[in-house]
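Readers should treat all values here as calculations from the given coordinates under stated rules, not as data from a laboratory. What you see is a predicted model; the values in this text were computed from it and never measured. Backbone-built Cβ (ideal geometry, glycine too); neighbour counts: all protein chains shown.
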Amino acid sequence: MSRFVLVHGGWHYGELWEPTATELRDRGHEVHHPTVGGNREGDDPRTGHAQACQPVVDYIVENDLRDVVLVGHSYGGSVISKVAEVVADRLSRLVFYNAFVVADGNSVYDEFPPPLQQAVDASAAERQDGTCIVTFEAWRELFIQDAPYDLAKSTYEMLRPHPVNTLTDKLDLSRFYSLTVPKSFINCTEDMTLTQLPEWGWHPRMSHRLGLFRLVQMRGSHEVMFSDPAGLADAIERASRR
Amino acid sequence: MSRFVLVHGGWHYGELWEPTATELRDRGHEVHHPTVGGNREGDDPRTGHAQACQPVVDYIVENDLRDVVLVGHSYGGSVISKVAEVVADRLSRLVFYNAFVVADGNSVYDEFPPPLQQAVDASAAERQDGTCIVTFEAWRELFIQDAPYDLAKSTYEMLRPHPVNTLTDKLDLSRFYSLTVPKSFINCTEDMTLTQLPEWGWHPRMSHRLGLFRLVQMRGSHEVMFSDPAGLADAIERASRR
Amino acid sequence: MSRFVLVHGGWHYGELWEPTATELRDRGHEVHHPTVGGNREGDDPRTGHAQACQPVVDYIVENDLRDVVLVGHSYGGSVISKVAEVVADRLSRLVFYNAFVVADGNSVYDEFPPPLQQAVDASAAERQDGTCIVTFEAWRELFIQDAPYDLAKSTYEMLRPHPVNTLTDKLDLSRFYSLTVPKSFINCTEDMTLTQLPEWGWHPRMSHRLGLFRLVQMRGSHEVMFSDPAGLADAIERASRR
């Protein structure tokens, strides 16, 4: 039995982990999936990265969770990296599921390939409220191309605007890079969100920044949490077992 | 139900799509697989790229096909790119199955890694009739290494000499690169025809030239149309669904 | 029916092939798995690469084996390369299973990424007897991360210290690189021993040095010989069939 805290990515929120959480609970695990600051209904659209992390830290501390496997998806990788700096002694392992391992001093945005930076800029410029969205075309072709159309559509309709400051804030990760918590990286082999060009893709570019880490790979897109929650639960188990 | 026009690669011809076409028809689709100019019995061995494309354009127009998913394999990628420039309004999607996405102004030959260029040169020099062939050794190890020997042998015996001019003609693809037709790329993860060196392989080198595109991957060699036609039909469905 | 001679990697010895050999014998093949010099109990810890190869040459010659498929794993790739120079006429194919294809004039050590070089140096400096070992942490996360913990642990306990000279001896491979014996490379897609950075990984970096070769890929870590012996036996069959 493991104790998981699942941290969602940009445009997502805690409830969207439900299909994967159900799979993990069916396998006997304890699963938590709090929502990151800035992604809760009514949150300030100007939320920055530090404010984004605080609710996750609070959730772990207030519930006195220990021996936690802390899992981050996509943007959530930057959140678990900062959260780990604060609650390292409560963690048994960090699992990055196609998640940002941000270089010390960079922002998440700095790690985006130019076309994704341009898409975020364009959306932010159009919305003018501090948030950005993903177009359905990008969602369907780059995030969740392995799902039937109806699932791509229904999940798109559940997404929320994402606060841009959480993406553009520069992150001091010097403590993170000195942590000795064991680390894993789950790589979905059809993930296209960062392109699959070697200089921009998730693995090995992001993953190898972890130093010694455990690699688990599975078929599927960035959003296997929707298109293959059973497969993702299996990968999370393999990534986090002893 | 989709309407597919399947365009074969070098040394191939339309009839060789039969195993894959049967799989697609069994799934309820309409499937066409005309032969490219220069690959029909009796065609001029000096056929160039423009003449190669014309029979595919004619086939689509004369049969008044609309909402076509136009699929190209290997060299056929260069054919569907040029055909799309003429009949874009009849297409719902372009699907490249380990197929050339030629850089504007280049020939197919320009996209070959040096050893493949040398093999084509050597064969053309030996044959002296404007065509080139693939050796059985290359076919067995680089094109269809995932098949039993007997299938490798029987399919090799069905190949035809290929007109070199279709490979060496420079292609103006400026219109192609401005088309907004949705695009997909099917990548067979064991395809060795262009090597798997990042600077020469199919994906992401060729695929990323498509801009926004849908990636579908499957296990197998360049010739899954023979070694795994059911798997290829499944990949084509996933690549072309809404 | 094929005749296999399986050559193990560093820290391994012939008996460790038993799970894979059993799978191959169950499929009707003849299987030999001699131990390389320096890895037998009581062998000189200062054994060099030439001495390491000799027992394999002797085994093949003394048993008068012909039509041999010679399979090398990891460090064993360097051994089969040198053995092939001596007994080429007895070989039907060379199969490299995530195995070193050492550049002419290099040592195995020269092909290691810097962190692996440092790990070998540190272990050798600590042991002072001419051998080095792998830490359990590295074994579990980089060599056999796809196995349950108990299998990772039990296999770790079976490993032996490895003579450093076999890794650091420079190898003259000019004859090897002129051999026309057919060659295959089995790539386990989750193998992390050399990292998966393109400039350091097994495939295509090592594999492409073989020139024309047959690629077979399978899921799994460097140690599928323990974590998936049936899958490895299947890959060896596909790599070595006609």
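In whole percent, what relative contact order does the stretch A:171-242 give with Cα contacts below 8 Å and a gap of six or more residues? Each step should come with its number before you reach the end.
Details: 78 pairs, mean separation 25.5, N = 72.
About 35 percent, as a whole number.
Over the Cα atoms of the stretch C:168-242, what Rg and Dmax result, in angstrom?
In Å, with Rg to one decimal and Dmax whole: 13.6, 35.
Sum -39500 (n - 2.57) across every DSSP H segment of at least 4 residues in chain A, then divide by the residue count to get the 222 nm mean residue ellipticity, nearest 500.
Values: 8 runs with 77 residues, N = 242.
About -9000 deg cm²/dmol.
Could you name the residue in chain A with the C-beta closest to the rotation axis that superposes chain A on chain C, along with the separation in whole Å?
Closest Cβ on chain A to the axis mapping it onto C, in Å: A:198, 3.
So if I place +1 on the C-beta of Lys and Arg and -1 on the C-beta of Asp and Glu, and nothing else carries charge, what would the dipole magnitude of chain C be about its Cα centre? I want it in debye, nearest 20. Show your work: numbers first, answer last.
On the way: 23 positive and 34 negative charges, 174 e Å.
The calculated dipole for chain C is roughly 840 debye.
Measuring label to label, 7 Å along Cα→Cβ, what does residue B:28 give against each other copy in nm, shortest first?
Those separations, rounded to one decimal, come out as 4.2, 4.2 nm.
Taking θ = phi - 60°, what integer Hz values does the Karplus form 6.51 cos²θ - 1.76 cosθ + 1.60 yield along the stretch A:161-174, in sequence order, with x for Gly and Pro?
Ordered by residue, 3J(HN,Hα) equals x, 10, x, 5, 4, 5, 8, 9, 5, 6, 10, 7, 10, 4 Hz.
Considering Cα pairs under 8 angstrom that are at least six residues apart, work out the relative contact order of chain C and quote it in whole percent. Each step should come with its number before you reach the end.
Working: 485 pairs, mean separation 54.2, N = 242.
Once normalised by length, the contact order is 22 percent.
Ratio of Rg to Rh for chain A, alpha carbon only, Kirkwood? Working shown, then result.
Numbers: Rg = 16.3 Å, Rh = 17.6 Å.
Reported Rg/Rh, Kirkwood definition of Rh: 0.92.
Taking the number of other C-beta atoms within 10 Å as the exposure measure, put A:89, A:234 in order starting with the fewest. List each step's numbers first, then the result.
Details: A:89 7, A:234 16.
Placing the least packed residue first, the sequence is A:89, A:234.
According to a simple spin-label model (label point 7 Å from Cα along Cα-to-Cβ), what is the distance in nm between residue C:219 and residue B:136?
With each label point 7 Å from Cα toward Cβ, the separation is 3.6 nm.
Taking the simple approach of a point 7 Å from Cα along Cα-to-Cβ for both residue A:168 and residue B:230, what is their distance in nm?
5.3
Considering amide H positions built from the backbone, and no H for Pro or chain starts, which residues 5 or more places from residue B:7, or on another chain, come under 5 Å of its amide H?
Answer set, sorted by chain and number: B:71, B:72, B:73.
Expected output is a single nm value to one decimal: the length gained when fully extending between residue B:18 and residue B:63, i.e. 0.36 nm times separation in residues minus the C-alpha distance. What is it?
Working: separation 45, 0.36 × 45 = 16.20 nm, distance 1.96 nm.
That pair, residue B:18 and residue B:63, stretches by 14.2 nm at full extension.
Fewest to most neighbouring Cβ within 10 Å: what's the order for A:158, B:225?
Numbers: A:158 12, B:225 29.
Result, fewest neighbours first: A:158, B:225.
Starting from the Cα of residue C:150, step 7 Å along the direction of its Cβ; do the same at residue A:158; then give the gap between the two resulting points in nm.
Once both label points are built, they end up 3.7 nm from each other.
Where the centroid of each part is defined by its Cα atoms, how far is the stretch B:38-89 from the stretch A:143-206 in Å?
39
Can you list the residues, at least 5 places off or on another chain, whose amide H is less than 5 Å from the amide H of residue A:131, using H built in the peptide plane?
A:164
For the stretch A:107-242, what relative contact order do you get, as a whole percent, if you take Cα pairs closer than 8 Å and at least 6 residues apart? Walk me through the intermediate numbers first.
On the way: 161 pairs, mean separation 36.0, N = 136.
Result for the stretch A:107-242 is 26 percent.
Estimate the FRET efficiency between residue B:88 and residue A:46 by the formula 1/(1 + (r/R0)^6), using the beta-carbon distance for r and 35 Å for R0, to the nearest 0.05.
On the way: r = 44 Å, r/R0 = 1.25.
That gives a FRET efficiency of 0.20.
What would the Debye equation give as log₁₀ I(q)/I(0) for the protein assembly as shown at q = 0.05, 0.06, 0.09 Å⁻¹, counting only Cα atoms as equal point scatterers?
Once normalised to I(0) and log-transformed, intensities are -0.27, -0.39, -0.88.
Which of rounded, prolate or oblate describes the stretch C:65-154 when judged by the alpha-carbon gyration tensor and an a/c cut-off of 1.5? Please report the intermediate quantities before stating the final value.
Values: a/c = 2.49, a/b = 1.52, b/c = 1.64.
It comes out oblate by the Cα gyration axes.
Rounded, prolate or oblate: which fits the stretch C:1-125 when a ≥ b ≥ c are the square roots of the eigenvalues of the alpha-carbon gyration tensor, with rounded for a/c under 1.5 and prolate only if a/b beats b/c? Could you put the intermediate results ahead of the total?
Numbers: a/c = 1.74, a/b = 1.63, b/c = 1.07.
Since a/c reaches 1.5 and a/b is larger than b/c, the shape of the stretch C:1-125 is classed as prolate.
Once you order the gyration tensor axes a ≥ b ≥ c over the Cα atoms, which shape class does the stretch A:105-228 get: rounded for a/c under 1.5, otherwise prolate or oblate by comparing a/b with b/c? List each step's numbers first, then the result.
Values: a/c = 2.00, a/b = 1.18, b/c = 1.69.
Oblate, because a/c is 1.5 or more while a/b does not exceed b/c.
Pick from B:81, B:107, B:174 the residue whose mean-square fluctuation is largest in a GNM of chain B, springs joining Cα atoms under 10 Å.
B:174
Filter the cross-link list A:82/A:153; B:82/B:153; B:153/C:82; C:82/C:153; B:153/C:183; A:82/C:153 down to pairs whose alpha-carbon distance in this structure exceeds 21 Å. Write down the numbers at each step before the final one.
Working: A:82/A:153 32 Å; B:82/B:153 32 Å; B:153/C:82 32 Å; C:82/C:153 32 Å; B:153/C:183 19 Å; A:82/C:153 32 Å.
From the list (A:82/A:153; B:82/B:153; B:153/C:82; C:82/C:153; B:153/C:183; A:82/C:153), the Cα-Cα distance tops 21 Å for A:82/A:153; B:82/B:153; B:153/C:82; C:82/C:153; A:82/C:153.
Counting other beta carbons within 10 Å of each Cβ, put B:193, B:131 in order, fewest first. The partial results should precede the final answer.
Details: B:193 24, B:131 21.
By the 10 Å Cβ count, ascending: B:131, B:193.
Calculate, for residue A:125 and residue B:212, the FRET efficiency according to 1/(1 + (r/R0)^6) with r their C-beta to C-beta distance and R0 22 Å; round to the nearest 0.05. Walk me through the numbers on the way to the answer.
Details: r = 20 Å, r/R0 = 0.89.
The computed FRET efficiency comes out at 0.65.
Starting from the stretch C:122-173, pick out the GluC sites (Glu not before Pro) whose DSSP state is loop and whose Cβ has at most 16 other Cβ atoms within 10 Å.
Working: sites: C:126, C:137, C:141, C:157; in loops: C:157.
In loop regions of the stretch C:122-173 (DSSP not H, G, I, E or B), the sparsely surrounded GluC sites (Glu not before Pro) are C:157.
Whole-Hz ³J(HN,Hα) for each residue in the stretch A:64-74, computed from phi via Karplus 6.51 cos²θ - 1.76 cosθ + 1.60 with θ = phi - 60°, x for glycine and proline: what do you get?
6, 7, 10, 6, 8, 8, 9, 10, x, 10, 6
What are the distances, in nm and sorted shortest first, from the label point of residue C:181 to the label points of the same position in each other copy, with each label point placed 7 Å from Cα along the Cα-to-Cβ direction?
Counterpart label points of residue C:181 in the remaining copies fall at 5.0, 5.0 nm.
Can you list the distances in nanometres, one decimal and ascending, from the residue C:46 label point to the identical position in each other copy, with the point 7 Å along Cα to Cβ?
Relative to the other copies, residue C:46 has label-point distances of 7.4, 7.4 nm.
What are the ³J(HN,Hα) values, in whole Hz, obtained from phi via the Karplus relation 6.51 cos²θ - 1.76 cosθ + 1.60 with θ = phi - 60°, for each residue of the stretch B:190-197 in sequence order, with x given for Gly and Pro?
Listing the rounded values in order: 10, 5, 10, 4, 9, 6, 10, 5 Hz.
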